[in-house]
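This report refers to the structure that appears directly beneath it.
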Amino acid sequence: MESNFPVVDMGLLQTEKRPEAMDKIKDACENWGFFEVVNHGISHELLDTVENLTKGHYKKCMEQRFKEMVASKGLEAVQTEIDDLDWESTFFLKHLPVSNVYEVPDLDDEYRKVMKDFALKLEKLAENLLDLLCENLGLEKGYLKKAFYGSKGSTFGTKVSNYPPCPKPDLIKGLRAHTDAGGIILLFQDDKVSGLQLLKDGSWIDVPPMKHSIVINLGDQLEVITNGRYKSIEHRVIAQQDGTRMSIASFYNPGSDAVIFPAPELIEKTEEENKLKYPKFVFEDYMKLYAGLKFQAKEPRFEAMKAVETTVNLGPIETV
């Protein structure tokens with residue numbers, strides 16, 4: 001099925017075709033919550049190196065561990081749907097406010113160095129994309145970066161995942177359906193093994209694997225700040241029977257003490273102060289709530305944050 005999944009050529013932003021590219025980003029943010037970027041400024045050589053080292057590290061350090069976990073839980077023989085675990089093998093890297101790339105065990109030095117370099121380039125791309133969103137929304141340049149900026153700046157981290165072949169993909173999901181809690185997510189995914197799907201108009205649509213592209217999706221915080229103009233969209237990973245799918249998702253999120261609220265310019269005149277669609281909250285409080293409710297609908301999370309809103313001291317945060 002042809003889904004016309006939005007692909008944005010960022011090279012066009014430097015040409016007379018800029019308005020078309022900006023429109024495509026706007027339409028993707030309003031109607032998909034996802035888009036794919038090419039000519040994004042990260043070299044193909046670096047992407048290939050990241051992919052090779054990630055796949056090598058999985059084979060050397062993670063694959064056996066995953067097989068042991070599967071055996072210990074008897075997952076090859078399941079007869080009924082499993083809804084409390086994901087068929088994935090993962091580790092996490094933190095970049096901002098403080099990097100832990102040199103503390104994570106089992107990574108060789110070249111891999112650490114490459115992932116640090118990759119993270120710097122992704123951070124730049126994330127901030128560039130946030131400014132393009134500002135432009136489309138009519139917000140001043142830098143507004144979203146500032147909105148994410150707690151006392152120590154933004155939070156930025158990477159989840160490195162592999163989804164091994166699964167004997168029962170109809171009973172076990174690679175990753176159960178959820179929206180992302182954070183800000184803007186940049187995904188470098190396998191270009192051969194598919195599996196990522198998003199929910200659009202009630203149907204699950206494949207996010208097509210495409211060599212050297214970066215998939216962008218919007219998290220709950222951008223839905224709040226844009227007052228619902230842009231939405232965070234439910235997505236999932238379908239486990240495959242053949243092939244291991246690599247997925248490197250980097251999350252550019254607000255700082256833990258950043259106060260998140262709809263941009264005043266995006267609040268309709270008809271919305272009264274006490275009837276705002278979205279709450280005002282401290283990002284860390286939202287994450288604590290999300291931790292227990294990740295695989296449930298986001299609307300009750302927003303409502304729960306409204307309930308605590310009155311008890312939080314939301315004075316301006318000093319960003320000295």
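Taking the alpha-carbon distance from Lys24 and a cut-off under 16 Å, which aspartates and glutamates remain once sequence neighbours fewer than 8 residues away in the same chain are dropped?
Here the aspartates and glutamates satisfying the reach criterion relative to Lys24 are Asp9, Glu16, Glu36, Asp131, Glu135.
Determine the distance separating the Cα centre of the range 1-54 from the Cα centre of the range 137-202; give it in Å without decimals.
15 Å
When the dipole is taken about the Cα centre of the chain, and only Lys, Arg (+1) and Asp, Glu (-1) are charged at their Cβ, what size is it in debye, to the nearest 20? Write out the running numbers ahead of the final one.
Numbers: 40 positive and 52 negative charges, 83 e Å.
Dipole about the Cα centre, nearest 20: 400 debye.
Return the lysines within reach of Lys280: Cα separation strictly under 25 angstrom, same-chain partners fewer than 8 residues apart disregarded; answer none if there are no such residues.
The reachable lysines, counting only those whose Cα sits under 25 Å from Lys280, are Lys26, Lys141, Lys145, Lys146, Lys152, Lys231, Lys269, Lys288, Lys294, Lys298, Lys306.
Scaled to the compact-protein estimate 2.2 N^0.38 Å, what is the alpha-carbon radius of gyration of the range 74-119, rounded to two decimal places?
Details: Rg = 16.3 Å, N = 46, 2.2 N^0.38 = 9.4 Å.
Compared with the compact-globule rule of thumb, the range 74-119 sits at 1.73.
Of Pro209, Asn253, Ser194, which is farthest on the positive side of the dipole of the chain, counting Cα position, with +1 on Lys and Arg Cβ, -1 on Asp and Glu Cβ, and the Cα centre as origin?
The one lying farthest along the dipole's positive direction is Asn253.
Output ³J(HN,Hα) for the range 49-62: one whole-Hz value per residue in order, computed from phi by the Karplus curve 6.51 cos²θ - 1.76 cosθ + 1.60 with θ = phi - 60°, and x for Gly and Pro.
Each residue's phi maps through the Karplus curve to give 5, 4, 5, 4, 5, 5, 5, x, 5, 4, 4, 6, 10, 10 Hz.
For the range 162-306, list log₁₀ I(q)/I(0) at each q in 0.12 Å⁻¹, using the Debye formula over Cα point scatterers of equal strength and ignoring solvent, two decimals each.
The computed values of log10 I(q)/I(0) come out as -0.56.
At a Cα cut-off below 16 Å, give the lysines reachable from Lys73, other chains included and same-chain residues fewer than 8 away excluded.
Lys168, Lys173
So if each residue of separation counts as 0.36 nm, and I subtract the Cα-Cα distance between Leu171 and Asp242, what length gain in nm does that give? It would help to have the intermediate numbers written out before the result.
Working: separation 71, 0.36 × 71 = 25.56 nm, distance 1.56 nm.
Once the chain is fully extended between Leu171 and Asp242, it gains 24.0 nm.
Can you list the HN-Hα couplings for the range 19-32, worked out from phi with the Karplus curve (6.51, -1.76, 1.60; θ = phi - 60°), rounded to whole Hz and with x for Gly and Pro?
x, 5, 5, 5, 5, 5, 5, 4, 4, 4, 5, 7, 10, 10
Compute for the chain: radius of gyration divided by Kirkwood radius, i.e. Rg/Rh, restricted to C-alpha atoms, rounded to two decimals. Mind dumping the intermediate values first?
Numbers: Rg = 19.8 Å, Rh = 20.6 Å.
We get a ratio of 0.96 for the chain.
What angle do you read, to the nearest 10 degrees and between 0 and 90, between the alpha-carbon axis of helix 63-73 and the longest principal axis of the chain?
In the chain, helix 63-73 runs at an angle near 90 degrees to the longest axis.
I need the phi-derived Karplus couplings for the range 233-245: 6.51 cos²θ - 1.76 cosθ + 1.60, θ = phi - 60°, integer Hz, Gly and Pro marked x.
My calculation for the range 233-245 gives 10, 5, 8, 8, 10, 8, 5, 10, 7, 10, x, 9, 9 Hz in order.
In a solvent-free Debye calculation with one equal scatterer on each Cα, what is log10 I(q)/I(0) for the range 28-174 at q = 0.13, 0.15, 0.17 Å⁻¹, listed in the order of the q values?
One equal scatterer on each Cα of the range 28-174 leads to -0.81, -0.99, -1.11.
Scan around Gly182 for amide H atoms under 5 Å from its own, H built in the peptide plane at 1.01 Å from N, and keep only partners 5 or more places away or cross-chain.
Asp220, Gln221
For the chain, what does the helix formula give at 222 nm: sum of -39500 (n - 2.57) over DSSP H segments with n ≥ 4, over the residue count, nearest 500 deg cm²/dmol? Please list the in-between numbers first.
Details: 8 runs with 102 residues, N = 320.
My calculation for the chain gives -10000 deg cm²/dmol from helical runs alone.
Report the one residue of Leu139, Tyr111, Leu122 whose Cα lies farthest in the direction of the positive end of the charge dipole of the range 60-140 (charges on C-beta: Lys and Arg +1, Asp and Glu -1; origin at the Cα centre).
Tyr111
Between Asp117 and Lys306, what is the label-to-label distance in nm when each label sits 7 Å out along the Cα-to-Cβ direction?
Spacing of the two 7 Å Cα→Cβ label points: 4.9 nm.
Bear in mind that the values in this text are calculations on the coordinates, not laboratory data. None of these values were measured; they are calculated from a predicted model. Because the Cβ atoms are built from the backbone with ideal geometry, glycine has one as well, and the counts that use them run over all protein chains shown.
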